[in-house]
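Asker: Below are the structure tokens for one structure; questions will follow.
The values are calculated or read from the model by the stated rules, or taken from the named source; none is laboratory data. Please read all numbers here as calculations on a predicted model, not as lab measurements. All Cβ positions, glycine included, derive from the backbone under ideal geometry; neighbour counts span all protein chains shown. With ligands, DNA and RNA removed, areas are computed over all heavy atoms of the protein, side chains included. Shrake-Rupley method; radii C 1.70, N 1.55, O 1.52, S 1.80 Å.
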Amino acid sequence: DLHYLQDMTIPDGSRVTPGSTLDKQWQVENNGSCNWDDRYRLRLIAGPEMGAPAEQALYPARSGTQAVIRILFTAPLEAGEYLSEWQAYAPDGTPFGEMLFIKIIVE
């Protein structure tokens, strides 16, 4: 399982400039029974990818430990509100844990 603990950077509703690089980091806990290795994935499930790969390796973490998941985004060039949602997936393709998201306002 993946338990969201807190946003480490870019709080929800942050105002950003068009085209800026966004270093989003979430603190999470692997509170399941499996260790995450390079077979575990993080996938975009809704909203724009904002320059990030739509699928990438989930940060490796042993069961019972905390980890920081980091994705580099590029803010859209058009002004507006944007929400990008991400989900963890097990090696067999099963989604698990809480979703992670970045919510920004481009102005």
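Asker: Considering only protein heavy atoms and a 1.4 Å probe, what is the carbon-and-sulfur percentage of the accessible area of the chain?
Answerer: 50 percent
Asker: From the phi of every residue in the stretch 56-70, what ³J(HN,Hα) in whole Hz does the Karplus formula 6.51 cos²θ - 1.76 cosθ + 1.60 yield, where θ is phi - 60° and glycine or proline is x?
Answerer: Values per residue, Gly and Pro as x: 8, 5, 6, 4, x, 7, 6, 4, x, 10, 9, 8, 10, 9, 10 Hz.
Asker: Which ³J(HN,Hα) values in Hz, rounded to whole numbers, follow from the phi angles of the stretch 7-20 under the Karplus curve 6.51 cos²θ - 1.76 cosθ + 1.60, where θ = phi - 60° and Gly and Pro get x?
Answerer: Those phi angles translate into 7, 8, 9, 6, x, 3, x, 4, 8, 10, 8, x, x, 6 Hz.
Asker: Same structure again: Quick one: 3J(HN,Hα) in Hz for the stretch 26-39, Karplus 6.51/-1.76/1.60 with θ = phi - 60°, rounded, Gly and Pro as x.
Answerer: 10, 8, 10, 10, 7, 9, x, 9, 10, 7, 7, 10, 5, 7
Asker: Roll a 1.4 Å probe over the protein chains and send me the accessible area per residue for the chain in Å².
Answerer: 53 Å²
Asker: Check which residues have an amide H placed less than 5 Å from G97's amide H, if you skip close sequence neighbours.
Answerer: L2
Asker: Hey, another quick one. Rounded if a/c is under 1.5, else prolate if a/b is larger than b/c, else oblate: which is the stretch 31-77, with a ≥ b ≥ c the root eigenvalues of its Cα gyration tensor?
Answerer: Since a/c reaches 1.5 and a/b is larger than b/c, the shape of the stretch 31-77 is classed as prolate.
Asker: Charges at C-beta only: +1 for Lys and Arg, -1 for Asp and Glu. How large is the resulting dipole of the chain about its Cα centre, in Debye rounded to 20?
Answerer: That gives the chain a dipole magnitude of about 180 debye.
Asker: Can you classify the stretch 54-107 as rounded, prolate or oblate using the Cα gyration tensor, where a ≥ b ≥ c are the square roots of its eigenvalues, rounded means a/c under 1.5, and otherwise it's prolate if a/b beats b/c and oblate if not?
Answerer: Cα axes put the stretch 54-107 in the prolate bin.
Asker: Can you work out the base-10 log of I(q)/I(0) for the chain at q = 0.18, 0.22 1/Å, using the Debye formula on its C-alpha atoms alone?
Answerer: Each listed q corresponds, in turn, to -0.82, -1.14.
Asker: Let me ask something else. Compute the length gained on full extension between D37 and S20: take 0.36 nm times their separation in residues and subtract their Cα-Cα distance, giving the result in nm to one decimal.
Answerer: Full extension from D37 to S20 adds 3.0 nm.
Asker: State, as an integer percentage, the relative contact order of the chain based on alpha-carbon contacts under 8 Å between residues 6 or more apart.
Answerer: 35 percent
Asker: Report, in whole Å, the centroid distance computed from the Cα atoms of the stretch 8-35 and the stretch 44-107.
Answerer: Value for the Cα centre distance between the two parts: 8 Å.
Asker: For S14, list long-range residues whose amide hydrogen, built 1.01 Å from N in the peptide plane, is under 5 Å from its own amide hydrogen.
Answerer: I105
Asker: May I pose another question? Can you tell me the length gained on complete extension of the stretch I105 to I45, counting 0.36 nm per residue apart and subtracting the Cα distance?
Answerer: So the extension gain works out to 19.6 nm.
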